[in-house]
Amino acid sequence: MVSKLTFTVSIVFVAAGVACGGGVSAPAAPPSSDSVLIALDPTTGSLAVINVATGESIAIASVGFAGDQTWALLRHSTRELLVSDIEVLRYQARLRIFDLEDTGAPKQTIPMPDRDVGHGWAQAMALSEDERYLYYSARVLEEKHPRWIGIIDLNTGKEVARPELPVGCGQSPTLTSVDRSSAQVFCPPSRFVTVDPTGNVSQLTPFPLPTEALESLSEPTPSVVRTGRDDVIVHGCLGPGRTIPCRLDDNRRILAYSPWDAHSLTGLMIYSEEDPTDVQQFELPDGIVHFTPVDAGMVALLEANTGTIYLLDLASGEVTGELEAPSGTRWLVGP
């Protein structure tokens, strides 16, 4: 365990198990000058874009009603901030596109008809790797759970398809990019489909999980895993709740976990999709409430009490930098 005293001095994290890939740890690489994080205050819906290398807030934006249902992404190729929020008067979702250099008013607003507005605990949209298509979870008013995926072509500003998810993939889907122009939709507890921009949907496929999570598949609540200690809740990096493990690179994914009654995360787990028995774990000190990858070798950790963002180097298990988060920040969105 990492003591609180050690945490306040050097914040050294201890890795348990064998790191994926093995070998001698290389010195931590400094974050790229292009690396950014989005810090989101779910109470007010305000957000800031932070340059990881300098700690400077390079853009600040205010959003509409229901801040805990605000989603945000950065479109690096055009230096645009994509914010999906809820319009106050009609209580309908929209996508507002801001220039990073001028976030006073959106340059474009695109309707997101039927965007899921009951998904406040997790961000359910993803930008394709070529940054042309935006995928989002959708449902019509009379439906209890979202079972559609809206697809917006950002080059034209129009929705181009809205395919229906297969049976068994509509309760609480979360999304991530995959390949050049497609998205992967995670269907709890342990399956996924792939959706392309023409609206084609693949068959349900088992989702690889680390060995510590495999026993959870037979549990009534799919977010429970057995770690040999207590029952814990698994967290992805897209918001609190049962979200998809985040991708570090072509092979590795990362998730966090915490006990049922905890208000902060207790550890990180990195595993190989090719070999889910290859697991690396990091124990976290008290107070870490959210995380997101900065790149394949670094993770940002948000400490809520002090509003500090710690940069954890995964090769050494040490914190190599600190950033100040805007007041009220509870979620981080990575690049």
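Charged side chains reduced to their Cβ positions (Lys and Arg at +1, Asp and Glu at -1) give region 249-335 a dipole of some 340 debye around its Cα centre. Modelled spin-label separation between D99 and K158, with each label point placed 7 Å from Cα along the Cα-to-Cβ direction: 2.6 nm. For Y91, the accessible area of its heavy atoms, probed at 1.4 Å with every protein chain present, is near 100 square angstrom. Each other residue within a Cβ distance under 9 Å of S182 adds +1 if Lys or Arg and -1 if Asp or Glu, for a net charge of -2. Normalised per residue, the accessible area of region 108-202 is 41 Å², obtained with a 1.4 Å probe and no contribution from ligands, DNA or RNA.
Taking Lys and Arg as +1 and Asp and Glu as -1, the other residues whose beta-carbon sits under 12 Å from that of C237 total +2. Assuming charge only on the beta carbon of Lys and Arg (+1) and of Asp and Glu (-1), the dipole of region 104-204 about its Cα centre is about 140 debye to the nearest 20.
Once R0 is set to 30 Å, what does the formula 1/(1 + (r/R0)^6) return for the Cβ-Cβ distance between R180 and K107, expressed as a FRET efficiency to the nearest 0.05? Once rounded, the FRET efficiency stands at 0.75.
Using 0.36 nm per residue of separation minus the Cα-Cα distance, give me the extension gain between E274 and D34 in nm, one decimal.
Numbers: separation 240, 0.36 × 240 = 86.40 nm, distance 2.99 nm.
Gain on extension, E274 to D34, equals 83.4 nm.
Spin-label pair E129-N251: with each label point 7 Å from Cα along the Cα-Cβ axis, the two points sit 1.6 nm from one another. May I ask you to derive the FRET efficiency for H145 and T54 from their Cβ-Cβ distance with R0 = 41 Å, giving the value to the nearest 0.05? Here the calculated transfer efficiency is 0.45. For A325, neighbours were defined as the other residues whose beta-carbon sits under 13 Å from its Cβ, and their charges (Lys and Arg +1, Asp and Glu -1) total -4.
Between V88 and E283, the FRET efficiency estimated from the beta carbon spacing at R0 = 41 angstrom works out to 0.45. Ranked by the mean number of other Cβ atoms within 10 Å per residue, highest first, peptides 282-289, 50-57 order as 282-289, 50-57.
The values are calculated or read from the model by the stated rules, or taken from the named source; none is laboratory data. All of these numbers come straight from a predicted model, not from anything done at the bench. All Cβ positions, glycine included, derive from the backbone under ideal geometry; neighbour counts span all protein chains shown. We work out accessible area using only protein heavy atoms, side chains counted, and drop any ligands, DNA or RNA first. Shrake-Rupley method; radii C 1.70, N 1.55, O 1.52, S 1.80 Å.
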